[in-house]
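Here's the structure we're looking at; comments come further down.
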Amino acid sequence: SRSVKEADGRMVIDLDTYIPSFLSSINNALSRGASQKYREHFGIGIVEWRVMSMLAIEPNIQAVRIGEVICADKGQVSRALLKLSEARLVESEIVSADVRKKNWWLNDAGYAMHARILEIAIERERRLIAGCDPEDIEAFLRVARIMGSNLSNF
């Protein structure tokens, strides 16, 4: 297999070609850097930013929907929403007899912060893909989308 190699007479994962590890390493480095920068400048981390992004894309939604789209567990999303609420960047409304079910949206302050962080996020993406041919980016996105849809097979 392309994803393993021999080391000291044993088969081990080849970190240079094993795609799950490679993607995870890139994502961890990106997330760590973004979280550090966003905390330093805005007082929020990467999970809060992802929640804010989702609320900008799709306002007036429940936490469960946010978690589904950004692939975060309920606890992460709930903690992020609490932090954003304490920072007065989001608002919510109870939408059923179950007081835990709320719809969430960014308020004006949340949209203003989103706009400032978005500039940094887009610049980080630009620097990440610097030197890549546009055709390679499109090919990468096609492959990544296929891998994403294959996750339902696990």
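What to note about this one:
- Pick from the stretch 7-28, criterion open to solvent by 100 Å² or more (accessible area, probe 1.4 Å) and modelled with pLDDT under 95, ranking: nearest to the chain's Cα centre (by Cα): Phe22
- Count of the stretch 70-82 residues, restricted to those that are surrounded by 14 or more Cβ atoms within 10 Å (Cβ to Cβ), over 13 Å from the mean Cα position of the chain (by Cα) and of a type in the set (A, V, I, L, M), is 1.
- Cβ-Cβ distances below 8 Å connect the following pairs, each with a first residue in the stretch 36-65 that is within 14 Å of Ala112 (Cβ to Cβ), a second residue that is modelled with pLDDT of 95 or more and loosely packed, with under 14 Cβ neighbours inside 10 Å, and a separation of six or more residues or different chains: Phe42/Arg116.
- Positions within the stretch 76-88 being part of a helix (DSSP H, G or I) and either without any contact (Cβ under 8 Å) to a residue 12 or more places away in the chain or among the basic types (Lys, Arg) (or both), in sequence order: Arg79, Leu82, Lys83, Ser85, Glu86
- Checked against the criterion of being at positive phi, of a type in the set (S, T, N, Q), under 21 Å from the mean Cα position of the chain (by Cα) and open to solvent by less than 90 Å² (accessible area, probe 1.4 Å), the candidates Asn60, Asn150 yield just one match: Asn60.
- Residue within the stretch 89-109 that is of a type in the set (S, T, N, Q), within 19 Å of Phe42 (Cα to Cα) and modelled with pLDDT of 95 or more present: yes
- Checked against (1) open to solvent by less than 60 Å² (accessible area, probe 1.4 Å); (2) touching a helix residue (DSSP H, G or I) at 6+ places or on another chain (Cβ under 9 Å); (3) within 20 Å of Phe42 (Cβ to Cβ), Ser85 meets all criteria but (2).
- Count - residues of the stretch 29-49 that are in a helix (DSSP H, G or I) and either open to solvent by less than 80 Å² (accessible area, probe 1.4 Å) or of a type in the set (Val, Ile, Thr) (or both): 13
- Exclusive hit being part of a strand (DSSP E or B) and over 14 Å from His114 (Cα atoms), set Glu68, Glu91: Glu91
- Given (1) over 23 Å from Ser24 (Cα atoms); (2) more than 18 Å from the chain's Cα centre (by Cα), number of the condition Asp136 does not satisfy: (1)
- Scanning the stretch 89-118 for residues that are closer than 20 Å to Ala63 by Cα and basic (Lys, Arg) turns up Arg100, Lys101, Lys102.
- Under the condition of being part of a helix (DSSP H, G or I), open to solvent by less than 60 Å² (accessible area, probe 1.4 Å) and not charged (D, E, K, R), the residues counted in the stretch 105-140 number 11.
- Which numbered condition Gly67 fails, given (1) open to solvent by 30 Å² or more (accessible area, probe 1.4 Å); (2) more than 19 Å from Ile122 (Cβ to Cβ); (3) out of contact with any strand residue (DSSP E or B) (no Cβ under 9 Å at 6 or more places or on another chain): (1)
The values are calculated or read from the model by the stated rules, or taken from the named source; none is laboratory data. Predicted, not measured: the structure shown is a model, and the values here were computed from it. We place every Cβ from the backbone using ideal geometry, glycine too, and count neighbours over all the protein chains shown. All accessible areas refer to the heavy atoms of the entire protein, side chains included, with ligands and DNA or RNA removed. Shrake-Rupley method; radii C 1.70, N 1.55, O 1.52, S 1.80 Å.
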